[in-house]
Structures are given as C-alpha cells and as structure tokens.
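Okay, so here's the structure we're looking at.
Each value in this text was obtained by applying a stated rule to the coordinates, not by laboratory testing. Please read all numbers here as calculations on a predicted model, not as lab measurements. As a convention, Cβ positions derive from the backbone with ideal geometry for all residues, glycine included, and neighbour counts pool all protein chains shown.
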Amino acid sequence: MRPTLIASAALLLALALAGCGGKQAQQEQSSATAAPPVPAAGAAADYVVPADLDQGPRAAASAVDEEKAELGEKLFNSKGCVACHAFGKRMSGPDLAGVTRSRTERWMESQILHPDKMTQQDPISKELFATYKVQMTNFGLTPDEAKAIVEFLKKKDKESGK
Ligand code: HEC
C-alpha cells in the first residue's frame, strides 16, 4: 500500500508541475506571438476593444523605426492632432510628452484608430475622457498610419528623455 501511495503522490506532483509548465509556456507564447492587429477605423463599425491592450511592454521599450517616424510626424502635423495635442503642455487633449512610457503600442493604435470606441469601452480611455471632457476625433486613419504616428511619438520621447 505504502509504495502505491508514494507512487501516486509522485505522479500527482509530476502532473501538477507539467500543468504549471504548460501554462507558463502558453503565456510566453501568447506574449511572443503578435497580438491581433487593431483593425482600420472605417472597416470596424463592430470593433470590440480588446481587454488586453494595456498588457505587455510600454511602447518606449522598443526601437524607433525612423522611416515610419518621419511619416508619422507629417501625419501628426497634417491630420489635425496638433489642434488638441502638444508635447510638454496640456491642451484640450492630454500632453503627449512621455505617453510612450505609459502606454503600449497597441493601446495607442487603438486610441488613434477608434477613439470613440476607446472612450466607451477601454478603462484608461474612459478615465481620460472623464478628465478632459472632450471626445478625441476619429480621423479614419489606416492601421499603417496609426503605427507611423506611434513611431513618431516614441521618437519624441526618446529625444526628450536623454
Ligand atoms: C478634438 C481634440 C483631439 C484631436 C483632434 C486629437 N485628439 Fe488625441 N486625445 C484627445 C482627448 C480629449 C484624449 C483623451 C481621450 C478622450 O477624451 O477622447 C486624447 C487621447 C489621445 C491619446 C492618449 C493620451 C494618453 O495620455 O494616453 C493619444 C496617444 C492621442 N490622443 C493621439 C492623437 C493623435 C495621434 C491625433 C491625430 C490623429 C489626435 N490624438 C487627435 C483629443 C484630441
């Protein structure tokens, strides 16, 4: 009887350890594989804001794509973002200095592509809306344009954070 008990205890322990390992591997995989892309503004009337946008490394943790950042700067200045946002100063929208140190890339892409959905569904965006009492405009940008703007925001933060 005794050896059987020990054997089954060992088996249980082995199973438990395997279970933990499996779960961890799964988590590692899901953060390593690309999260589903944020869909384009126009194509997503039924876009449901994912609950995990704020998970993972902050945008500033990754290297800047200089080419995209250059395009992003042009978009930022030409698309009307400057009407409400500045760096180092609050306007009708939040001060964007340092924003890439507090947000993930996906969160910002979603905010840029679906500001209206974000203030309704995303907890951080809801809170911002409660503070600023202005709804950020949806400019109907493409996902690539949103990514370019995020690269520009990262570049601004890297330059100012030296
Ligand atoms: C009408 C004013 C307005 C315009 C135009 C605007 N925004 Fe916003 N933005 C806001 C407000 C207000 C918020 C806070 C959320 C809300 O209330 O909608 C915000 C939030 C943000 C945030 C998140 C800030 C944080 O602290 O996390 C980012 C990033 C951002 N905007 C980028 C942009 C970009 C890029 C553009 C141009 C494509 C843009 N915004 C155009 C008003 C504006």
Treat the count of other C-beta atoms within 10 Å as a stand-in for reagent exposure and order Thr131, Thr142 from fewest to most. Thr131, Thr142
Would you mind counting up the charge near Ala40? Only other residues with Cβ under 11 Å from its Cβ, with Lys and Arg at +1 and Asp and Glu at -1. -3
Phi-based couplings in Hz for region 92-107 (Karplus 6.51, -1.76, 1.60; Gly and Pro marked x): 6, x, x, 4, 8, 5, x, 4, 6, 8, 10, 10, 8, 4, 4, 4
Backbone HN-Hα couplings from phi across region 54-68 [Karplus 6.51/-1.76/1.60, Hz, Gly and Pro as x]: 8, 8, x, x, 5, 4, 5, 6, 9, 5, 7, 8, 4, 5, 5
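Answer rounded, prolate or oblate for region 94-150, using the Cα gyration tensor with square roots of eigenvalues a ≥ b ≥ c: rounded when a/c is under 1.5, else prolate when a/b is larger than b/c, else oblate. Mind dumping the intermediate values first?
Numbers: a/c = 1.73, a/b = 1.23, b/c = 1.41.
Cα axes put region 94-150 in the oblate bin.
Which of Asp54, Asp157 comes first, and how do the rest follow, when ranked by fewest Cβ neighbours within 10 Å? Walk me through the numbers on the way to the answer.
On the way: Asp54 16, Asp157 21.
By the 10 Å Cβ count, ascending: Asp54, Asp157.
Just check region 54-162 against the gyration tensor rule for me: Cα atoms, a ≥ b ≥ c as the square roots of the eigenvalues, rounded for a/c under 1.5, and otherwise prolate or oblate depending on whether a/b exceeds b/c.
Numbers: a/c = 1.38, a/b = 1.31, b/c = 1.06.
Rounded.
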